[in-house]
Structures are given as structure tokens and as C-alpha cells.
Ligand code: HPA
């Protein structure tokens, strides 16, 4: 397996540079079923991830594998439609390779979106929650291994992993996201455990990206769409990937509106 090192990232950056001279300021990553976010990009230039050297292409349903360069409210942005997950079998180096490239392209903000199960019973499916912190229960960290100081320091601070200022104007509920490795959904006992630890949401992505983006000095935010109540909260309910996907598609428009507001706010800074 290739190691997705700094030199590999330079090759990918050079490829992406051919498509647009404008340096993107903000990166947005669209999670499962949230591909419609692409509709808010003005004058889009579309790159197929399969053409980008070493770019890991997702096998997950609802992840189209496109990189879109363009603008939102005039701000140069780069949108990744789809991400790769640790549960797909990718190494952590592969999972965060796109984040490293975004950092090298010079973005200042990394805005993740994802699907999550609600552990907090005051949340409802269809709601969008601003993630204020996370608990990494994946049993892996993307920065493990030899450190390349061109990317980050050995021991990056995670005290302010999510930037509250980015969310402020959206007026959303906030929550702590617990990342599980997946791909099985959690057991009810795991959900209860995560709740006791202080988690409001359960998911299978994003945390490795946020660790890497913080380590590169990017300001981070994550908007989680509640797709379902986490396992066991409704004891009669059986979770399916289809219900998650359907809820995400339903929430896609609302999330796109929030992203425009978020970008408008960044433009005021
Ligand atoms: N658990 C983990 N990941 C998820 C869930 C869930 O309940 N819903 C959507 N993604």
C-alpha cells in the first residue's frame, strides 16, 4: 500500500492547481447523501477524484467522488463531494490525505458535514447540530507514525478543535460527536456508554479529518445532520443505511442554506 506522504500530496496539489488559479479560502466536505450541497457553488469547476494522483476514492454509497472548485457568495471555496472512511479499509494516512491537500492548497477553514445518530434525546432526526467537541473512540489517530514537520508538529493542541465563531450566526444546537470505527452501528450499551462520557452524537467519520486539519492550523467546524436516534433509544427500531441516506438527502437543502450563511459570515470577518 502506498504511504500517501508529502511528495504524493505535492503531486495531487499540482494536479488540482491546473483547474483554477484562484486559491480556495474555505474547504467544505459533504458527507453521505449531502452531495446536493454542490448546487450552491457558483461557476463550478469539477475534478473527478479518480484523476487526482493517489487520491483515495470512496466506495461508500452516496459519495460521488468529485472535487468542486468555485465560489459561494463570492468566496473561493473547494468542495469535496464524498470522503473515505476508516471502515472502508483505508489506512488513516489515506483517510486524511484529502485534508492534507486542502491544507497545502492554502485553505484557512475546514468545514465538515456528516450524518450522525442522536444520543441526546432532545435532538430529532432532520436537525442539524453544530459540533463543539469530539471523543475519538475509533482506536486510531491519523498522526500516528513518523512525523513530517512540513505538515504538523508532533503533539498538536486539540483544546479548541472546533471554532465556535464559525457557527455563531447559525443559532444551532451544539453537541459532542463520538466517533466509532464502524461499519456496524453501535450497540445500545455503546450508545449509553458514549452518552455517559458526554457525547450527544454518534458517527463513523470526520474526527480523523478534524485532528489533521487542526494539526495543520486550519480553523475547523462540523455540521452534523441527525439521521436517526442512536441504537437502543427507540428499542423497537432497527437501523438501516437506507434510512440514514434518505434523511441526509432530505436535509441536504437545509444544510446548503446553513453553509451559505456560514460563508457569508466568514466574508464579514
Ligand atoms: N451511528 C453511527 N454513525 C451514524 C449513525 C449512527 O447511529 N447514523 C448515521 N451515521
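Read the figures in this text as sums done on the coordinates, not as results from a lab. Keep in mind that what you see is a predicted model, and the values were worked out from it rather than measured. Don't worry about glycine lacking a Cβ; one is built from the backbone with ideal geometry, like all the others, and counts go over all protein chains shown.
The table below lists the values:
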quantity	calculated
The range 85-152: projected area of the alpha-carbon convex hull, averaged over directions, in nm²	6.2
Cα→Cβ-extended label distance, 7 Å offset, between residue 242 and residue 50, nm	2.7
Residues 206, 240, sorted so that the one with the fewest Cβ neighbours within 10 Å comes first	240, 206
Ranked list, fewest to most other Cβ atoms within 10 Å of each Cβ, for 58, 149	149, 58
Dimensions in Å of the chain - Rg and Dmax from alpha carbons	17.3, 54
Fewest-first ranking of 219, 83, using other Cβ atoms within 10 Å as the exposure measure	219, 83
Nitroxide proxy distance, nm - points 7 Å out along Cα→Cβ at residue 192 and residue 147	4.0
Over the range 139-252: Kirkwood hydrodynamic radius from C-alpha pairwise inverse distances, Å	16.1
Cα gyration tensor, the range 141-196 - rounded (a/c under 1.5), prolate or oblate	oblate
Helix 6-17 vs. the chain, principal-axis angle (Cα, 0 to 90°, nearest 10)	80
Whether the range 1-155 is rounded, prolate or oblate, judged on the alpha carbon gyration tensor where a/c under 1.5 counts as rounded	oblate
Fraction of antiparallel bridges per DSSP, the chain only, in percent to nearest 5	35
Two-site label geometry, residue 181 and residue 264: point separation in nm, points 7 Å out along Cα→Cβ	4.4
Rounded if a/c under 1.5, otherwise prolate or oblate - the range 220-269, Cα gyration tensor axes	prolate
